[in-house]
Amino acid sequence: MASALKVKGVHYSYGDPGGVDRPGSVTDAVAGLDLELTQGEFLCVIGPNGSGKSTLLSLCAGLLAPDRGEVLLDGGAAHSMAPKERARRMAVVPQSLASIPSLLVETFVSSGRYAYLGVWRRPGPLDKEAVAMAMDEADLLDVAERSMEQLSGGQRQRVLVARALAQQSEYLLVDEPTNSLDLEHKLHVFAWLKRLACEGRGVIVVTHDLNLASQFADRLMLIRDGRMVASGGPSEVLKRSVLEPIYGPNLHFGELPTTAGARPYVVPWLQLGDEAR
Amino acid sequence: MTAKRAARVQHVSTDSPSDVANLSKSALKRGRRPRRVAVILFLLLCVLLVLSLRVGSSGNFQWSDVWRGILAMCGLGDPLPGAQQTFIELRALRALIAVGVGACLALSGGLLQGVFRNSLASPSIIGVSAGAALGASTAMMSMGGYGPFSPLRNVAAYAPVVVTGCAFLGGLIATSVVTRLATAGGRISVPTLLLVGIAVNAVAAGLLAAIQSFALRDYELSRAIVAWSFGTLEDRSAQQVVLLGIGLLVAAATIPFVALELDLFAAGEDDAKALGVHTGRVKLLALCAATLAAAVAVSVAGQIAFVGIVAPHLLRLLGGRSHRSLLPLCLLGGPVFLVGADFLQRWLLGDAFLQPGVVMSLIGGPFFLYLLVRNKGAMATW
Amino acid sequence: MTAAGLSACGGEAPLAGPPAIPAEDIPDGWPRNIEGFAGELELRAPPRRILPASSSAVDFVLDLIGEERVVAIPEQALNWANALDAGSELRDGKLFGSYSTEVVLGFAPDLVLTHVWQSANASRALAQAGVPVLVLPELKNTQDIRLALRTLGQALGAESNAEELIAGFETRLSRLASTDRSSERILTYSNGGTGGWSAGKNTTADLLIGLCGAVNAASEAGLDGHSRMDFELLLSLDPDWILVSGGIDGEASGSLSFLMAQKVLSSLSAVQNDRIISVPAALFSTTSHYILDAAEYLAGQLDRVESVDQVPSKDGAQSKDHDDA
């Protein structure tokens, strides 16, 4: 009954693969990744810059067609699904927009309902309700009348999530949601995403933030150069043997207790005393 | 977290209904603005149309005669004496052509600006008009002339349709060349777009000039082709009005299917795709509609520059930025622009008979410069 | 300067400029100064390599001195010159496509005849290269025609031929004037499908109508030069006759078929009475003394219809006759 998003041995490279001028030298942004996500699960994809996290997300969302391998949503290839059908099942929260449209916040959130609109593109009562709920959920009712250009970074992030919520999809694919946010807002966004997962959505979040990922995710997936390095619960991924080859030796590990058991954390730490000596 | 959720729920139950009510009320207010602009434009267009019936090359008419002429055209009352009724009808035909051409060019510009996500795109700048003119000229050349000049009488009857068809093909080729060359990695680069537009315009103009010099042997044919480069609204036939109307209708029929989608394009094509927009289909539909509209306009009245860029831009300032209001407004704003320019030049310059393209260039050129200066900041980041 | 340099290097066949003429070959009366239409011109000896650069210049030269001393004619003269016989050797001789300095210099002419509407840059460059260039005017009145013939007669050393032509011209003029056609209002019209044109005051077509003693309806309405003529203006002027150019190579006139195809123009009295005259293209567009032939042709058409005015059905046949001719 529960649906599943499955990624099997996916390869993807920008530019022409195996071009004549540099045969074999085109590096794949994603080189043979596997992934499986069910509804209600919160998966964080972590990795250094340029590791292929965002490309993986676009592949999952069906926005890119894999060169090899496949992305399956309940057995159907994601990128060849009808766009509207796909959008009703998977919502993407982009890291940022190519340009900030000069629309009112409410209008922008309403665009999440596009996949549900009929031939004449007229929103029905269901659409209006979904938008109102999403706006309320994202605490945006006070700024509904404002233009997108007038929003703060935190508000803009909430608007992007609200739009995805209006899509009422089974899966939520989130790209770097906390990049420009302060600590409080970071925490708020992750807590919110976690709650959305608890409510029965499958959530993938691509992030740099190892500790937030450790605190909230059911599962972590660490990738580098388009390949998977480690995958599993937070304590299986956030450990020295896994992270040191990637982030270097200057790391400090610790543990904090939560209701769901102890969660590891890691901070970059350079012993100044060591340097001096 | 449960407490927070509870607070949230309470928040919903107390404030939300009024908030939602306010929301839809103000949305209603916003929705009225384009409608108000539309009403104003419509009234303005009506006034301009009546004014253009009054002024013509044989002199100005009395107001009473204009009304009588209009009523007679509608089948009410007696026609004006002598040739005067004919004059009124000729002026009406000219005005109708200006309405159709203005609407086509503005719609084409609005669509192109949406697809390319850039307010500098327009049929004449990215080469669609030039391509269409080239197609039309080629058709005219191969048929030995426009309309009744055709040596093959049975083809002559279809000449306007053939010329329009070839204009559409020419425009489509230009559009696809521009789109193909300016696209890199799924994105259209603005400098490349403008450069490719310049190149396509240059090539089309060169080929047009070549056709002209072949046509030089036939003085009248060559003059007909030359007139294409600045456009003309003179002495069009009722058949051309019908053709223009059909083209405009088909192009305008795509508005409900691309307007919202073009709004979603504004935040990036990938984003629109993720929301469920069939981006490829929308782009194709919008580009075809834009090309068709530009092509019928060019095949009926030649190349009239700047309506396609200036009209949508002004309308965007007046009636909001959503394509759902912009594109329908183009159907009113374009005509106001072209009929107005045509009327002004005949009223102010009398018998000077400036071609509409010249007038539009005189108004549109400086406006385009103003646009460039105003957007200097944005352009620095191209 | 250039010409001197080139002829010094070129030896017997100079690439440019007139060939040097030995002093003993220069006849009496030369060198002479010609008062041209664009400044004075000095000719050292009777020109022997003449290059008429326009169809009308070809008309003038052939009628004044024949074709022996003509080195080349423009291609368009094959269709547009009136004096060029069907069997003329010039037709198979040297033709050139465009009036440009390099092309003209290649024929080493010692006199170039051109019209005001032709490239002034080429004329200037030729004059700098030492080639005498005589610029002919657009004809606006009968005096222009006499003056053109007289000046050309001087330049070509054919004064007596010129006077003879002028004398014949005067006879024909008075013959044309002997019939009163001042009640006929004529309008020239051309339309290539993108707007109509008509010739008003100060045009050669105005002169053509004037030579017949008829009235140019466009000039009468105050139009000057070549003016736009939309349907409305055409209908409001409603001339007795409409004058259109015939096609070249015996093709039908484009403007004629355009006029006949417009339903809205069917109320024009010229259309209803079949009074549309298609003048052969070469005559209609001439700016040489052949304008008189054009006027005689036009007068002939006017008079023929006048004389059989009682039989309107014949009118149509007549105005279509010359299309096929």
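The values are calculated or read from the model by the stated rules, or taken from the named source; none is laboratory data. Computed from a predicted model, the values in this text were never measured in an experiment. Virtual Cβ from ideal backbone geometry, glycine too; neighbours counted across all protein chains shown. These area figures cover heavy atoms from the full protein model, side chains too; ligands, DNA and RNA do not enter into them. Shrake-Rupley method; radii C 1.70, N 1.55, O 1.52, S 1.80 Å.
Just to be sure I understand: if you take the accessible area of chain C alone plus chain B alone and subtract the pair, with a 1.4 Å probe, what total do you get in Å², rounded to 100? Please list the in-between numbers first.
On the way: alone 15010 and 19060 Å², together 31690 Å².
Summing both chains' loss of accessible area gives about 2400 Å².
Please express the Cα-Cα pair-distance distribution P(r) of the range A:62-203 as a list of whole percents, one per 10 Å bin, running from 0 to the bin with the greatest distance.
11, 40, 36, 12, 1
Averaging the inverse of every distinct alpha carbon separation and then flipping it gives the Kirkwood radius. What is it for the range A:164-274, in angstrom units?
Details: mean 1/r = 0.0655 Å⁻¹.
This gives a value of 15.3 Å.
For the range C:2-173, what D do you get in µm² per second when you plug the Kirkwood radius from alpha-carbon pairs into Stokes-Einstein at 10 °C and 1.306 mPa s? Don't jump to the answer; show the numbers that get you there.
Values: Rh = 16.4 Å.
For these conditions, the coefficient is 97 µm²/s.
For C:256-265, what's the mean count of beta carbons from other chains sitting within 10 Å of each residue's beta carbon?
On the way: counts 1, 7, 8, 1, 1, 5, 4, 2, 8, 2.
Averaged over the peptide's residues, the number is 4.
Running Debye on the range C:65-159 with equal point scatterers at the Cα sites and no solvent, what base-10 log of I(q)/I(0) appears at q = 0.16 Å⁻¹?
-0.76
For chain A, calculate the relative contact order in percent as a whole number, restricting contacts to Cα pairs under 8 Å that are 6 or more residues apart. Can you show the working numbers first?
On the way: 516 pairs, mean separation 63.1, N = 277.
23 percent.
Counting only Cα atoms, I'd like the Rg/Rh figure for the range C:204-276, Kirkwood definition for Rh.
Here Rg/Rh amounts to 0.95.
When averaged across all projection directions, what area in nm² does the alpha-carbon convex hull of the range C:155-304 cover?
9.9
What total accessible area, in Å², is buried where chains B and A meet, using a 1.4 Å probe and rounding to the nearest 100?
3000
What pairs in A:LYS84/A:LYS239; A:LYS194/B:LYS283; A:LYS6/B:LYS273; A:LYS186/B:LYS273 have C-alpha atoms more than 32 Å from each other? List each step's numbers first, then the result.
Numbers: A:LYS84/A:LYS239 41 Å; A:LYS194/B:LYS283 37 Å; A:LYS6/B:LYS273 21 Å; A:LYS186/B:LYS273 27 Å.
Violating the 32 Å Cα-Cα cut-off are A:LYS84/A:LYS239; A:LYS194/B:LYS283.
Please say if chain A is rounded, prolate or oblate, where rounded means a/c under 1.5 for a ≥ b ≥ c the square roots of the C-alpha gyration tensor eigenvalues, and otherwise the choice is prolate for a/b larger than b/c and oblate otherwise?
Numbers: a/c = 1.77, a/b = 1.28, b/c = 1.38.
Because a/c hits 1.5 or more and a/b fails to exceed b/c, chain A counts as oblate.
For all pairs of alpha-carbon atoms in the range A:59-134, what percent lies in each bin of width 10 Å, listed from the first bin to the last filled one?
That works out to 16, 39, 34, 10, 0, in percent per bin.
So, with +1 on the Cβ of K and R and -1 on the Cβ of D and E, and no other charges, what is the size of the charge dipole of the range C:2-173 about its Cα centre, to the nearest 20 debye? Before the final figure, lay out the partial values.
Details: 12 positive and 23 negative charges, 82 e Å.
So the dipole magnitude of the range C:2-173 works out to roughly 400 debye.
From other protein chains only, count the Cβ atoms within 10 Å of every residue's Cβ in A:137-149, then give the mean.
Mean inter-chain Cβ contacts per residue within 10 Å come to 2.
From the C-alpha coordinates alone, can you work out the Kirkwood hydrodynamic radius of the range A:131-191, in Å?
Across the range A:131-191, the inverse of the average 1/r is 12.1 Å.
Using modelled amide H (1.01 Å from N, peptide plane; none on Pro or chain starts), what sits under 5 Å from the amide H of C:THR287, excluding residues fewer than 5 places away?
C:SER56
So what are the ³J(HN,Hα) numbers for the range B:332-345, from phi and the Karplus equation (6.51, -1.76, 1.60; θ = phi - 60°), rounded to whole Hz, Gly and Pro as x?
9, x, x, x, 4, 4, 6, 4, x, 4, 5, 5, 4, 5
Using the alpha-carbon atoms, what tilt in degrees (0 to 90, nearest 10) does helix A:153-166 show relative to the longest principal axis of chain A?
60
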